[in-house]
1. Test L65 against the criterion of being buried (at least 17 other Cβ atoms within 10 Å of the Cβ), among the hydrophobic types (A, V, I, L, M, F, W, C), under 26 Å from the mean Cα position of the chain (by Cα) and assigned to a loop (DSSP other than H, G, I, E, B), and give yes or no.
2. Give me a count of the residues in region 117-141 that are part of a loop (DSSP other than H, G, I, E, B) and within 21 Å of D386 (Cα to Cα).
3. Please verify whether region 68-85 includes one or more residues that are surrounded by 14 or more Cβ atoms within 10 Å (Cβ to Cβ), modelled with pLDDT under 95, of a type outside the set (D, E) and closer than 27 Å to V378 by Cβ.
4. Which residues, counting only those in region 121-164, are hydroxyl-bearing (S, T, Y), surrounded by fewer than 19 Cβ atoms within 10 Å (Cβ to Cβ) and closer than 16 Å to Q381 by Cα?
5. Here are V269, V291, V256: which of them is of a type in the set (A, V, I, L, M, F, W, C), out of contact with any strand residue (DSSP E or B) (no Cβ under 6 Å at 6 or more places or on another chain) and assigned by TED's automatic domain parsing to the domain that holds K345?
6. Of everything in region 402-427 that's assigned to a loop (DSSP other than H, G, I, E, B) and modelled with pLDDT under 95, which residue is farthest from N111 (Cα to Cα)?
7. Check region 190-197 and report whether any residue there is more than 19 Å from Y359 (Cβ to Cβ) and either at pLDDT below 95 or β-branched (V, I, T) (or both).
Amino acid sequence: MLAMTARADSEGRMSPETASATDPSVLGWMRGFPPPPEKLITQPDSNYFSFPKLRWSVCHLREFLPTEQVSRGLEAPVPMPYALDTGIDAVSFTPLGGNDSMTWKESLTANFTDGVLIIHQGKIVYERYFGCLDETGQHGAMSMTKSITGLLAEILIVEGALDDSVLVASIIPELSDSAFGDATVRQVMDMTTGLDFSEDYADPEADVWLYSAAASPMPKPAGYVGPDGYFEYLQTVRPAGAHGARFAYKTVNTDVLGWIISRVTGEEVTELLSERIWSRMGAEQDAYMTVDGKGAPFAGGGLSAGLRDLGRIGLLMLNQGVINDERLFPAEVTTSIRAGGDRAKFAKAGYDSLRGGSYRSMWWLFHNQHGAFAARGVHGQTVYVDPVADMVLVRFASFPTAKNADIDPTSLPAYEAVAKYLMSRVE
């Protein structure tokens, strides 16, 4: 099996040679009928999502795990207009903490980009595909799934179907004895719950891996005595600290929120997402979401979708619920999200690249001059919305490490530079 270490330069940039050498088309993963053993990536291989294999796996998640469809319905897609801008590649910026400038085009390689889309004033001005992805493919959204789950919850709140001030146990009695029972729905949505749960992906003993084992749809190993599925695991989470005291990013919050949404509506998250958004926004492709062994969708990170369809999600957030001249949800939904969460509570989490930011309804707020906000996922996934620039930027990536803190220095200033460039073009 190929072993490869991603190398960074003195300013933390990943080597372009590493990105090129680990391109799935170069490595030849899963090529051949059948592929040779050294090129196989399969579910029994516990490393199928390790680097560099993840550069192929992010586009093929349904080949490893069972999934549920998020249907786009039977109507024809609504195409988005194009006004491609060749000047974007040359836009330059200085990475956070760095001294030397970098161009937008250079940043795509540095960030192991698989697909990137920029929409300005309702038109696609930039679109490129790399690695495992092309325009017909779907890519793992990772924790951007959380933001869509949060969006569904906000819609229900604005419509009066969900009260964010009530305790979780009042909706899901099964969670009464867990850490979630005496948390409010809003505390779950803003991740200010006090939970004994470690989400350090670099720690093989972290709780997130126990959670993954419980959720795995594969047969449990001999002697396994832990919880089976998302819902059983969530009932075992114990408290640590007071609810409402600080922001702490923990995926289990989103899966509780997905359970709340399903209990309130009587529909799975996948069904509600299709009904309220995917089948109405002119999507080009169905999306899909991974499920556990009992069929519960992974509301915290299981979505895979096409690049342009996530661009449509970004447009809905930018235009406050309107797309293709049709309103899909009330403007108050995005008003609530854009207001952001408690910045003091967020600051306690210590995100150096997100200083001054906040978190609300599973969306990240930057509170910069443009009021930008984003859906974010591990390994570099982003839907970045800039209301002042009238811009939506979507990026799929397969960055070697999971933490966005490793990719933010060459991503966040790049987004701001492109926004300023696009604004200058219309002045």
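1. Values: buried (at least 17 other Cβ atoms within 10 Å of the Cβ): yes; among the hydrophobic types (A, V, I, L, M, F, W, C): yes; under 26 Å from the mean Cα position of the chain (by Cα): yes; assigned to a loop (DSSP other than H, G, I, E, B): yes.
Against the criterion (buried (at least 17 other Cβ atoms within 10 Å of the Cβ), among the hydrophobic types (A, V, I, L, M, F, W, C), under 26 Å from the mean Cα position of the chain (by Cα) and assigned to a loop (DSSP other than H, G, I, E, B)), L65 qualifies.
2. Narrowing region 117-141 to residues part of a loop (DSSP other than H, G, I, E, B): 121-122, 130-138, 141.
Checking which are within 21 Å of D386 (Cα to Cα) leaves us with 121-122, 141.
Summing the residues that are part of a loop (DSSP other than H, G, I, E, B) and within 21 Å of D386 (Cα to Cα) in region 117-141 gives 3.
3. The answer is no, given that none of the residues of region 68-85 is surrounded by 14 or more Cβ atoms within 10 Å (Cβ to Cβ), modelled with pLDDT under 95, of a type outside the set (D, E) and closer than 27 Å to V378 by Cβ.
4. Taking region 121-164 and keeping what is hydroxyl-bearing (S, T, Y), we get 126, 129, 136, 143, 145, 147, 149.
Next, only the ones that are surrounded by fewer than 19 Cβ atoms within 10 Å (Cβ to Cβ) stay: 129, 136.
Selection gives Y129 alone.
5. On the way: V269 fails: out of contact with any strand residue (DSSP E or B) (no Cβ under 6 Å at 6 or more places or on another chain); V291 fails: out of contact with any strand residue (DSSP E or B) (no Cβ under 6 Å at 6 or more places or on another chain).
Criteria check complete, one pass: V256.
6. Going through region 402-427, the residues assigned to a loop (DSSP other than H, G, I, E, B) turn out to be 402-403, 407, 411, 427.
Narrowing the set further to residues that are modelled with pLDDT under 95 leaves 402-403, 427.
On the way: A402: 12, K403: 12, E427: 30 Å.
The qualifying residue farthest from N111 (Cα to Cα) is E427.
7. Initially, region 190-197 is screened for residues more than 19 Å from Y359 (Cβ to Cβ), giving 196.
Right, trim to either at pLDDT below 95 or β-branched (V, I, T) (or both) and you get none.
The answer is no; no qualifying residue exists.
Per-residue answers, yes or no, for (1) closer than 21 Å to R338 by Cα; (2) among the acidic types (D, E); (3) in contact with a Ser or Thr (Cβ under 9 Å, 6 or more places away or on another chain); (4) part of a loop (DSSP other than H, G, I, E, B):
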residue	(1), (2), (3), (4)
I157	yes, no, yes, no
E205	no, yes, yes, yes
D228	no, yes, no, yes
G244	yes, no, yes, yes
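The values are calculated or read from the model by the stated rules, or taken from the named source; none is laboratory data. Here the structure is a predicted model, which is why all the values come from computation and not from measurement. Don't worry about glycine lacking a Cβ; one is built from the backbone with ideal geometry, like all the others, and counts go over all protein chains shown.
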